Amino acid sequence: MKLNNIVTKLWLIMTILVLVVIGVAGAAQTGFMEELYYDQQANQLKTLGNKVADMAREEPDPVTLDQKLAFVAELYDANVMLLNEKSIVVNCQGLGISTKNMPMDMKNPHHGPLNQEDIRKLYQGQVVVGRGNNPYFKTDVLSVGLQRRIDNR
């Protein structure tokens, strides 16, 4: 085939056009599906967070609460963290972490998924959803924070 032939040029241009359209459509669909996936996961974590808050409210024994939170964290492969109104970690279970009664390090992203702005939003009653990349785990991390009053905890 000669490149001077009009049919060859038309075929080449059409092939390139089809490949570009498929590439753009694929990229748009991938972005849409990724956003949809993270929205669904965030909604699932909100529901789970409400259930954990209800469980924490109903459980008076701190040792049993630790065990239940550790079980939920392992079951959902998540980190479950309860904070008080002073941003002190009352209980944290999951992902190999088990801590209590310590302040959350807001400057180190490995120590907590929330920053000062997120904490402020939480205390205003807003649901906080954060998505980022944790270099320690080398993966995308989805964080959901909700405010629920649990007696004096």
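The values are calculated or read from the model by the stated rules, or taken from the named source; none is laboratory data. Remember, predicted model here, so these are calculated numbers, not experimental data. Because the Cβ atoms are built from the backbone with ideal geometry, glycine has one as well, and the counts that use them run over all protein chains shown.
Among the residues of segment 49-92, those that are within 18 Å of Asp140 (Cβ to Cβ) and buried (at least 16 other Cβ atoms within 10 Å of the Cβ) comprise Ala78, Asn79.
The number of residues in segment 118-149 being surrounded by fewer than 16 Cβ atoms within 10 Å (Cβ to Cβ), hydrophobic (A, V, I, L, M, F, W, C) and either closer than 24 Å to Met55 by Cβ or touching a residue at least 60 places away in the same chain (Cβ under 8 Å) (or both) comes to 2.
Listed by first and then second residue, the pairs with beta-carbon distance under 9 Å, at least 6 apart or on different chains, first residue in segment 1-20 and surrounded by 10 or more Cβ atoms within 10 Å (Cβ to Cβ) and in a helix (DSSP H, G or I), second modelled with pLDDT under 95 and of a type in the set (A, V, I, L, M, F, W, C), are Thr8/Met1; Lys9/Leu3; Trp11/Met1; Leu12/Leu3.
Looking across Val52, Val80, Val72, Val63, one residue alone is aliphatic (A, V, I, L, M) and over 27 Å from Gly132 (Cβ atoms). It is Val63. Only residues that are more than 25 Å from Gly125 (Cα to Cα), part of a helix (DSSP H, G or I) and of a type outside the set (Val, Ile, Thr) were counted across segment 38-65, and they come to 1. Note on segment 69-92: residues that are part of a helix (DSSP H, G or I) and charged (D, E, K, R) amount to 1. Of all residues in segment 32-48, those that are more than 14 Å from Ser143 (Cα to Cα) and exposed (fewer than 11 other Cβ atoms within 10 Å of the Cβ) total 3.
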